Each structure stands twice: as structure tokens, then as C-alpha cells.
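The values are calculated or read from the model by the stated rules, or taken from the named source; none is laboratory data. The model shown is predicted, which means the values in this text are computed figures rather than measured ones. Here Cβ is always computed from backbone atoms with ideal geometry, including for glycine, and neighbour counts include all displayed protein chains. For accessibility, only protein heavy atoms count, side chains too; no ligands or nucleic acids. Shrake-Rupley method; radii C 1.70, N 1.55, O 1.52, S 1.80 Å.
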Amino acid sequence: METSLTAPARPATASSDPARAGRDPYFDNAKFLLLTLVVLGHTWSASRLGQDSTAVKAAYAWVYLFHMPAFILLSGYFSRGFTARPDQLARLISGVLVPYLAFECLYSLFRSQVLGQRHVDISLLDPWYAAWFLVALFLWRLSAPLWRAVRYPFATAVLISVLSGTTDNGNILSFGRVLQFLPFFVLGLQLRPEHFERLRTRRVRIGAAVLLAALVAGSYAVVPHARTLDWLSRERSYQELHSSLPHYLLLDAALLVGSLLACAAFLALVPTRTTWFTALGTRTMYAYLLHPMLVKLAQYQGWYDGLHSPVGELAVTAAALVAATLLMTAPVRWALRWLVEPRLRWLVRA
């Protein structure tokens, strides 16, 4: 089983070597880079470096503009073959649902035994921290066959996303995020290999580099004057954002367009050849599930204290990138495969 968050719905090879498995290294490279950005963003948030540094806050906003949208888009792309066959449902249960349930229990023990929470509080309907994405992926992939019956799937998903932002969806199963990020998943379902090929031309790559640089400058200019990060999380209604409905609709449309352009630019710059980190991109599930405990442990122990300086910001950033990389290595998979990739032949018909 491929232990990537965007693992395809079709049967995956057992090999973790993309070259030997006949895989396109481009997508494994993209998944590795996006996962490191996930860990980096969570580390910046937990360390609260953005409170004192406009540069960190701008970098955080820049990352959040596209890193989850791009991950979700790739999840949709690799869900194109999902038709809810029994074997596909079995893999969805064993590869997404069961790890979610197992880690929600583990996270609860972690909070009580390590972070000082008094009681073991297992709330499967309220995903902790980054676990919301597993719930979302489970629901999105289940919905994949339905979108084939819709005449205008992307437009419909955008409408659902906008409407979800006009009401308070609560925290149950992170449903606000599930609906507001839905357009990126549905768009991924519509993509084909030739769409990614068009991003790999020299002219597009140059334009992508210029666009991402411009977005960095724009983030630096905007974040001191706006609640950018609250909007980019895509989990709040317009009332919770203290916005009027017309302002919400306008800004939400602008953020959707900006995120789509940033996703395209990022994907255009992803290396297409096999690199030192290509194989790591097949094990993103390990880093995604394990890094929340490292990030929160560092926060609880005060390891980020005293690092609110340019040198400290660089140190925290470097540590996050190293941690993300190590969590995707083969030894981590060997040690924890029983937990992240449980064999459930007794439960599902794989």
C-alpha cells in the first residue's frame, strides 16, 4: 500500500521506489514538498513567531494560500478511478478511516499523558488538529462517483463552498472545511495528465516563478492590515469572520482565484525528474499523522521560547523541515507500519 495522503484509488504497487514502480516522480515530488509545507506551517503557528515577525506571518499566509488546496487537488486527481467498488471501499476504510480512528485515540492519550490534559477525551466527531484532512478525504472520495452525474461539477462545488460560508457548520467532522475546500477536490477529479504536461513548459515555469514571487510580496504587504490567516483556514462563516455578506462573497471569490493560480504556479515548478526526496513522497501519511505530536510537544515544553528573532525563526524553520523529512524515511515506516498501515484482512475484503 502506498502511504501517501493522495494515494490513488486504484491498486498501488508495493514498491516505494518510484523508478522501479513505473511511477511518475513528478507527483511524489509534489507530495513531499507540500507535506513539508504542512509541517512548516503548523510549526510556525505553534511557535507563534508570526506575532512578532511580519516576515513569518507573510510566509505563513503565502504557504496557506496554496499548500492545502494543492494537496486536495492532487487527492481529487488520484480519486478519478474511484467508483466505490468493494475493493476500493476496503482500501478507503483500511487506508484512511482506520488510521483516523486509531490516531484520534492516540492523540487523546498523548494530550492526557504528555500535554497535561486531565482527562482522556476521545471525540471522533471533532478531529484534533491536522486529523480533519483524513475525515475530509474519506468524505470527498466517497462523493467522487456522484460528481460524474453532475453537469457542471466545479461550478456546483464552488456554489456549495460559498453557501457553506454563509452559515455556521460547527465543528462536527470539520464539516466547514470539508465543504469550503470541496472545489479543489472536484477540480482534481476533472484533470487529466495532459493538464499537468502543460504546466511543464519553460514559458509557464518562468511565469509561475514570477507569480509566486509576486504573491510573497503581496502577502508581506497585506498581512499587517488584514485577518488573512482566518480567511485562509476556510473553516469559518462570514459572521465568524466579522464580515458583511457582500464583502465575504467578494473576498472569497478573490481567494479562490488566487489559490488556484498559486496551485498552478507551484505545480509548474515541481521537479519532474527523480530526486533524493522522490521516494519520501510515497510516505507522506507518516509525517502527516506523526508531526502534530512533535509540534505540540515542542510548544508544551517551551522549546520555541526565546527563538523570536531572525536567527531563531531560521532555526525553527530548519528544524521543521528536517523533522518532516525524517518522518518520511524508511526506518520510520518500518517501525510504525503496523499503526499507520494496519493489516485488516480480518475486517475488510481487500
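Numbers for the structure displayed
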read-out: From E240, E235, residue being acidic (D, E), farther than 21 Å from V186 by Cβ and touching a helix residue (DSSP H, G or I) at 6+ places or on another chain (Cβ under 9 Å); value: E240
read-out: Qualifying residue in the range 58-65 (condition: modelled with pLDDT under 95, surrounded by fewer than 19 Cβ atoms within 10 Å (Cβ to Cβ) and either touching a helix residue (DSSP H, G or I) at 6+ places or on another chain (Cβ under 8 Å) or under 18 Å from L269 (Cα atoms) (or both)); value: no
read-out: Residues located in the range 235-263, provided they are open to solvent by less than 40 Å² (accessible area, probe 1.4 Å) and touching a residue at least 60 places away in the same chain (Cβ under 8 Å); value: S237, Y248, D252, L255, L256, G258, S259, A262, C263
read-out: Odd one out for L159, checked against (1) closer than 19 Å to G258 by Cα; (2) open to solvent by 40 Å² or more (accessible area, probe 1.4 Å); (3) in contact with a Gly (Cβ under 6 Å, 6 or more places away or on another chain); value: (3)
read-out: Residue count for the range 301-318, restricted to those that are assigned to a helix (DSSP H, G or I) and surrounded by fewer than 18 Cβ atoms within 10 Å (Cβ to Cβ); value: 8
read-out: Residue count for the range 172-189, restricted to those that are over 16 Å from P8 (Cβ atoms) and in contact (Cβ under 8 Å) with a residue 60 or more places away in the chain; value: 7
read-out: Residue match in the range 15-28 (condition: under 17 Å from F71 (Cβ atoms), in contact with a Gly (Cβ under 8 Å, 6 or more places away or on another chain), assigned to a helix (DSSP H, G or I) and at pLDDT 90 or above); value: yes
read-out: Pair list, Cβ under 6 Å, 6 or more apart: the range 294-322 residue farther than 28 Å from S112 by Cβ, other residue at pLDDT 95 or above and in a helix (DSSP H, G or I); value: L321/T36
read-out: Some residue of the range 100-123 being assigned to a loop (DSSP other than H, G, I, E, B) and on the phi > 0 side of the Ramachandran plot; value: yes
read-out: Close pairs (6 angstrom Cβ cut-off, 6 or more residues apart or separate chains): in contact (Cβ under 8 Å) with a residue 12 or more places away in the chain in the range 147-171, open to solvent by 50 Å² or more (accessible area, probe 1.4 Å) and assigned to a helix (DSSP H, G or I) anywhere; value: N169/F175
read-out: F196 crowded, with 18+ Cβ neighbours inside 10 Å and closer than 22 Å to G95 by Cα; value: no
